[in-house]
Amino acid sequence: MAFLCAAGAAHADGELSEILDPGQGLFPTQSDISGIGLFQVPSARMGEEGDVRASGSFITPYHRFVFSGTAFPWMEGVFRTTQITNVPFGPNGFGGHQSYRDRGFDLRFRLWQEGPIMPDLTLGVTDFAQFGSFDEEYLVGTKRYGDFDVTVGLGWGQLASDGQLPNPLKYLFGHFAKRHPINTAGGFRTDFFTGPDMSLFGGFEYKTPIDGLIFKLEFNPNDYRHDAFNEIEKIKPAGPIDAGFVYRPFASGPEVSLAMERENTMMLRVGFKTNLGKLTGAEAPKSQEARQIDPQRAPVGPLPLDEVADRDTVAAKAPLIGPAPTVLPRREPVPQPLPPESWNALADLGLTADRFGFRILSIGTTAGVRLVTLVRLSTARGDLSEDLGSFARMAGRLQPAVDRVELTLDEAGTERRLHFDLPTLERAVAMTGRTAESVRAQNPTPSVTAAPHRTIRELDRNIAHAIFSDLAAAKMIGYTFEIKGHEAILRLGNYRYRYTPKALGDAARIIDARAPAEVTEITIADVEAGVEVVRVRMRRDDLQRAFTGRGSAAEVLAHAELNGGEQLGDNAFANEDVFPDFSYRIRPRLKTQLNGPDGFFLYSLYMGLSSEVQLRPGLTIAGDFGVNMLDNFNRLQNPSNSLLPHVRSDIKDYLKDGKYGISSLYANYTTRLGGDFYGRLTGGLLEDMYAGVDGEVLYRPYGSRWAFGLELNQLYKRSFHEQFGLQSYNVATGQLGIYYDMPWYGLQSTLKVGRYLARDIGFTYEISRQFESGVRVGGFFTITNVPAAIYGEGRFDRGLFVSIPIDLVTPFPSRSTIGTAYRPLTRDGGQMLVSPKSLYWETRGQDPGHMSEDWDHFLQ
């Protein structure tokens with residue numbers, strides 16, 4: 001690689017900006033057999049974080065299907081299935097007429113990113129698990145020179161089969177002198193960079209004048225002499241040079257390769273590349289201009305133009321909670337709203353009104369006259385005339401200042417109209433120090449008119465009802481609302497937005513538009529599965545500045561207070577229209593079995609019905625039902641040969657016989673046990689294979705990265721038809737869980753220790769990463785006390801999983817996801833109940849760290 005470093009010294013910084021620039025058309029593309037590379041040999045290039053690639057390549061006798069992803073900026077993972085068309089699947093006709101399929105996992109690590117002198121450097125290991133049929137390791141460098149991407153590397157294993165150079169590592173340690181392949185499926189190789197020899201490999205990519213068309217040429221040292229299936233007599237390579245073209249017109253999308261490999265055999269590859277790490281769809285960030293012109297998100301003032309009139313209008317359109325008051329016509333002109341610059345002062349005026357024993361119902365200005373409607377608080381103790389005069393003076397000073405104030409005092413079914421000439425009032429105060437005499441002098445006989453009887457309690461009830469109605473229109477649920485002093489508190493059910501701050505922003509707008517002026521703090525509690533998991537207390541003046549573009553979401557968060565939830569207040573108004581809450585969803589669904597002895601891809605396309613009834617906070621009844629439409633499960637023939645109880649390996653019987661079944665039907669109760677403890681009890685048909693009772697307790701200190709849980713259950717194996725029948729097998733299982741949110745890259749890890757379905761004892765470790773887009777990708781493995789000889793092929797349970805939010809591709813927001821898990825083999829050891837509920841994931845995402853990360857969505 002020395003020539004790469006020397007020649008790179010002349011590479012100008014300005015030219016470096018062109019490296020991998022989509023506008024230049026020289027994108028990293030996938031190799032035939034693994035991750036990014038040329039054809040048969042790798043390059044040092046890495047995709048963007050979150051890149052996902054899938055491809056199928058076809059060259060006699062190999063059909064390869066590859067799925068790869070860039071999990072981190074410095075790591076790429078690859079899962080690969082290779083079908084060897086001239087080798088039978090198994091001995092004695094096992095697997096029917098299928099060809100042998102080899103599964104493999106590869107890892108690539110970036111050691112250095114390209115700079116003015118140094119190239120990209122990558123270290124890779126191919127086939128580090130399973131049988132190691134295509135095992136190799138390499139150290140490779142790649143550097144860009146104009147329209148050329150040049151690659152040179154050193155290879156071990158199959159990349160050293162022509163034995164060009166001695167392996168220098170064997171002179172340091174005897175272990176490196178000979179390769180030690182594994183001989184049973186499911187193990188991990190330990191013979192990295194071993195063997196007597198190593199070899200050079202390399203090549204280049206050239207961006208042709210045709211957009212998207214790339215020419216590749218490589219030197220491949222693999223001469224197939226060390227092929228695990230002894231293919232050299234059948235393949236008969238003519239030489240080490242491979243050459244051909246790749247066409248990919250866009251940075252993301254389809255790509256096609258056509259090449260001559262081994263100097264005598266044609267290869268065709270079809271692939272697709274996309275990025276799951278970037279935020280798209282309904283949750284994609286909107287431009288500032290788009291947010292300003294969106295009519296549903298137009299800034300609102302702290303009060304309606306005339307709150308009393310507005311309340312009467314709402315009452316006329318919808319029944320109130322409780323007895324409806326009499327609605328009287330209002331003939332006076334509706335006052336103009338106060339300008340935004342007066343809103344901070346208006347909040348202070350609300351506090352002043354509270355101090356003098358009033359609540360402001362409405363405030364505005366018409367023809368230079370300040371119009372205010374007040375209601376007297378039951379806690380007021382001062383002289384009424386003195387308090388009215390003092391408040392009128394303060395109301396007149398609110399910008400724009402006025403000389404005349406007209407107060408309407410709501411008093412138990414009547415309204416008194418009082419008129420104040422402020423200059424006269426100020427002179428009286430200057431002379432006597434009191435306002436009562438001047439108030440009575442200016443209003444000797446206040447006019448009294450009939451009006452609805454409005455107590456503070458009734459007003460708060462009506463405000464709560466209006467907020468509940470507004471939230472329903474926004475496709476959210478308000479469970480309770482109360483005004484406690486100067487704080488408005490809402491318990492919110494967010495069933496619309498994936499990001500909690502976005503739901504908080506919409507709900508805060510609604511409360512700000514409805515709450516009386518003396519409310520200076522708005523608190524919103526997020527309720528998940530009937531349990532309050534977080535409270536966010538925000539300053540109203542911060543919210544009003546943010547909603548009108550004079551402030552920011554960051555300012556709101558900086559002054560906000562977060563905690564893990566509190567008890568419901570005694571005076572909170574409950575939304576009586578919430579329960580029972582019934583919801584359902586009908587959608588096509590797919591069951592699959594991949595890479596098994598009965599077929600490479602077996603499937604069932606069925607129509608699924610998911611329904612849920614929420615009877616009260618935390619108590620639900622839910623179920624999933626399916627009707628088969630199309631399948632090829634009739635090809636499932638091979639029975640389980642497991643020596644353990646058949647807790648999972650009877651999967652073929654459930655797939656074949658459960659075509660018109662009940663996937664789950666259960667009752668669930670979730671509650672907060674006190675402090676940072678949560679509890680859950682679930683009973684019924686819990687999943688496709690098991691019924692029973694499942695209980696869980698979770699200790700999750702708010703704001704901590706750690707959580708600890710205990711799950712216990714008594715389970716009964718269901719009949720294959722997935723109705724209500726049960727089989728004789730039953731088992732009690734339980735696991736102690738330790739959860740940790742890592743501070744890097746959105747990583748989350750879980751360790752569970754306990755008893756499993758086959759009555760074996762061991763542990764499961766799971767690690768996953770959530771990208772900015774919400775896509776979660778991870779893997780897991782389970783090791784128990786079952787010996788490898790009894791466990792069977794694979795030796796232990798492991799797999800990969802992915803979860804994708806559906807609003808990445810839809811124009812509307814949603815909290816739903818689609819996901820799948822892949823196990824190379826379905827065995828009976830190390831298997832757990834697939835519980836329909838998980839306290840950890842239901843309460844995750846509302847801690848200060850996650851809220852801060854997602855807070856940019858607050859104003860979107």
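The values are calculated or read from the model by the stated rules, or taken from the named source; none is laboratory data. Given the structure is predicted, the values throughout are model-derived calculations rather than measurements. Neighbour counts run over all protein chains shown; Cβ positions are idealised from the backbone, glycine included. Accessible surface areas use protein heavy atoms only, side chains included; no ligands, DNA or RNA. Shrake-Rupley method; radii C 1.70, N 1.55, O 1.52, S 1.80 Å.
Coupling constants for the range 676-681 follow from the phi torsions by the Karplus curve (6.51 cos²θ - 1.76 cosθ + 1.60, θ = phi - 60°), and in residue order they are 9, 9, 10, x, 8, 9 Hz; glycine and proline get x. With 28 Å as the limit, the listed pairs 659/837; 278/659; 143/178; 143/273 have 278/659; 143/178 beyond it between alpha carbons.
Give, as a single signed number, the net charge of other residues whose beta carbon lies under 14 Å from the beta carbon of residue 445, with Lys and Arg counted +1 and Asp and Glu -1.
Spelling it out: positives minus negatives among the neighbours equals +3.
Take every pair of alpha-carbon atoms less than 8 Å apart whose residues are at least six positions apart; their mean separation over the length of the range 529-660 yields a relative contact order of 18 percent. Sequentially through the range 460-465, phi angles give Karplus couplings (6.51, -1.76, 1.60; θ = phi - 60°) of 5, 4, 5, 4, 4, 4 Hz, Gly and Pro residues having no value and appearing as x.
Just need log10 I(q)/I(0) for the range 646-769 at q = 0.09, 0.20, 0.23 Å⁻¹, Debye formula, equal scatterers on the alpha-carbon atoms, no solvent, rounded to two decimals. Taking Cα atoms of the range 646-769 as identical point scatterers yields -0.33, -1.15, -1.26. Residues whose amide H lies under 5 Å from that of residue 358, counting only those 5 or more places away or on a different chain, are 377; hydrogens are built 1.01 Å from N in the peptide plane. Solvent-accessible area of residue 457, all protein chains in place: 100 Å² (probe radius 1.4 Å, heavy atoms, ligands and nucleic acids excluded). Calculate I(q)/I(0) for the range 762-860 by the Debye formula, one identical point scatterer on each C-alpha and no solvent, and give its log10 at q = 0.12 Å⁻¹ to two decimals. Results for the range 762-860 at q = 0.12 Å⁻¹ read -0.55.
Scalar couplings 3J(HN,Hα) for the range 238-243, obtained by applying the Karplus form with A = 6.51, B = -1.76, C = 1.60 to θ = phi - 60°, are 8, x, x, 9, 10, 8 Hz; x denotes Gly and Pro. As a test question: what accessible area, to the nearest 10 Å², does residue 681 have when a 1.4 Å probe is rolled over all protein chains in place? Residue 681 has an accessible surface of roughly 100 Å² with all protein chains in place.
Taken along its three principal axes, the alpha carbon spread of the range 710-781 comes to 47, 26, 18 Å, from the longest extent down to the shortest.
The listed peptides 524-535, 613-624, ordered by packing as a protection proxy, come out as 524-535, 613-624 (highest mean of other Cβ atoms within 10 Å first). Over the range 584-726, the hull volume per residue, using the convex hull of the C-alpha atoms, is 154 Å³. Remark on residue 815: its backbone amide H falls under 5 Å from none of the residues 5 or more positions apart or on other chains, H modelled at 1.01 Å from N. Cα convex hull, the range 373-514: 136 Å³ per residue, rounded to a whole number.
Within the full protein context, the accessible area of residue 721 is estimated at about 110 Å² for a probe radius of 1.4 Å.
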